[in-house]
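Handing you this structure, nothing more for now.
Throughout, read-outs are computed from the coordinates displayed, never taken from laboratory work. For clarity, every value in this text was computed on a predicted model and none was experimentally measured. In this analysis, Cβ positions are derived from the backbone assuming ideal geometry, glycine residues included, and neighbour counts consider all displayed protein chains.
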Amino acid sequence: MKKVRWGVIGAGGIADRRTLPGMMLSEEAELIAVMEINEEFAEKLRVKYGAKRAYTDHKALLADPEVDVVYIASPVNCHKEQAIDAARAKKDILLEKPICLDIADGEEVLKVCEEEGVKIATGFLMRFHAINAKIREIIQSGQIGQLVSCRAQFSCWYPDIPGAWRQIRALSGGGALMDMGVHCIDLIQYITGSKAKKVASFSKTHTFSYEVEDQASLMMELENGAVAYVESNFNIPDAVPSKLEFYGTAGSIVAVGTLSQEEGGTIEVIAADSSLGYDAQQTRNEVKKIDVEVEFGNMYTKELDSFGRSHRDGAPIEVPAADAIQAQKVIQAAYKSMEDGKFIEL
Ligand SMILES: NC(=O)c1ccc[n+]([C@@H]2O[C@H](COP(=O)([O-])OP(=O)(O)OC[C@H]3O[C@@H](n4cnc5c(N)ncnc54)[C@H](O)[C@@H]3O)[C@@H](O)[C@H]2O)c1
């Protein structure tokens, strides 16, 4: 099997913390080059992961003829320029979330990729979590009936850090909603197969003093008629696990800890007979728990191999960048809703 030859732009953040360790576990990926802005750091990463070359300029990495595919994991304000340069250099692209600072920039990136015939995917790695993938199967099989509502809660602890790019709107595009909420929005739309059509949101900087929101609550009406809630926070401790909940006319699914950088967590599926008539006693002893078995792996390895196969074998792109534009539309509608105090139609 021909290995997919990767170059990594912005190799020192999440790439070093998670994605490159995930790449090292892959039998299908080969790391050719890393790029970081500081030369010493770039060289340190090159040695750490056994890459052939280290660069301090993304254009130099893009000119490397051995690099077939690039993973861009730089701060969000760099995504547009670097993705467009990668497309012009005819490299297929795995671009970290959120796609760009705004919809217009994201659409420009997609347009250039189309012009250049380049494939582009987004880093919505939560889709590769075995439990999240299983939830999608269960929902789409109709096992919990008609979907009524769902909720995703994803948080971390992110106090004031002077100069941190995520805390500066011009560099991040927004706060907890852009950074954490985007995963929730994408997962809900992906799992349910239904897009948001109406959005309302409350967000604010409640605990810290940076300019972007440290908490965001969002309500969406989905095309299938279900209601979805998203809560994304920078002001809840890391130790508090995420929650993903789906409620239908024939049962429910609750997953704890499945929005995470490590595969793990739990799932509880409850099936109930929706053919019964009205019961004034509201008896709850008909509840049947369904056993769900999954095999955990490394989400980053799965994410890289998935896009690697799209590049090498022409396999369908599992996380098309168009889905990131859709998530960005929901985010921008949410920010508008906060400003206007109204529901926003998409
Ligand atoms: N999928 C995930 O699990 C996940 C997790 C965290 C972050 N992210 C995404 O990854 C991206 C980076 O976030 P992070 O947490 O790694 O940030 P970070 O600040 O920890 O790391 C960013 C890295 O990019 C480097 N950098 C700065 N300017 C650059 C430039 N012009 N060109 C190339 N590199 C540059 C920095 O030196 C740093 O090493 C963001 O889009 C973020 O949303 C994804």
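Report the dimensions of the chain along its three principal axes from the alpha-carbon atoms, largest first, rounded to Å.
That works out to 71, 48, 39 Å along the principal axes.
Now for a separate question. How large is the translational diffusion coefficient of the range 260-346 in µm² per second when you combine the Kirkwood radius over alpha carbon pairs with Stokes-Einstein at 10 °C and 1.306 mPa s? Walk me through the numbers on the way to the answer.
Working: Rh = 18.3 Å.
Using the Kirkwood radius from Cα pairs, D works out to 87 µm²/s.
What lysines does Lys198 reach when the alpha-carbon gap must be under 18 Å and sequence neighbours fewer than 8 apart in one chain are set aside?
Lys198 reaches Lys329, Lys336, Lys342.
Helix 39-49 versus the longest principal axis of the chain: what is the Cα-based angle in degrees, 0 to 90, to the nearest 10?
Rounded to the nearest ten degrees, it is 70.
Let me ask another. Might you report the magnitude of the Cβ-based charge dipole of the chain about its Cα centre, with Lys and Arg at +1 and Asp and Glu at -1, to the nearest 20 debye?
160 debye
Taking a ≥ b ≥ c as the square roots of the Cα gyration tensor eigenvalues, with a/c under 1.5 meaning rounded and otherwise prolate when a/b beats b/c, else oblate, which class fits the range 78-156? Don't skip to the end; give the middle numbers.
Values: a/c = 2.71, a/b = 2.25, b/c = 1.20.
Prolate, because a/c is 1.5 or more and a/b exceeds b/c.
Next question, about the same structure. Could you work out how much longer the chain between Lys288 and Ser275 gets when fully extended? Use 0.36 nm per residue separation minus the Cα distance between them, nm to one decimal.
Working: separation 13, 0.36 × 13 = 4.68 nm, distance 1.46 nm.
Stretched fully, the Lys288-Ser275 segment lengthens by 3.2 nm.
For the chain, find the longest principal axis of its Cα atoms and tell me its angle to the long axis of helix 321-340, 0 to 90°, nearest 10.
So the inclination is approximately 60 degrees.
Got a sec? How would Phe343, Phe154, Phe128 order by Cβ neighbour count within 10 Å, fewest to most?
Phe343, Phe128, Phe154
While we're here: What dipole magnitude, in Debye to the nearest 20, does the range 2-111 give about its Cα centre under +1 on Lys/Arg Cβ and -1 on Asp/Glu Cβ? Before the final figure, lay out the partial values.
On the way: 17 positive and 20 negative charges, 61 e Å.
Roughly 300 debye, rounded to the nearest 20.
Something else now. Cα axis of helix 299-313 to longest principal axis of the chain: angle in degrees, 0 to 90, nearest 10?
60 degrees
Quick check: the distance between the Cα centres of the range 111-140 and the range 76-101, to the nearest angstrom?
Their Cα centres are 16 Å away from one another.
Nearest-5 percent of antiparallel DSSP beta bridges in the chain?
Details: 40 of 67 bridges.
For the chain, the DSSP antiparallel bridge percentage is about 60.
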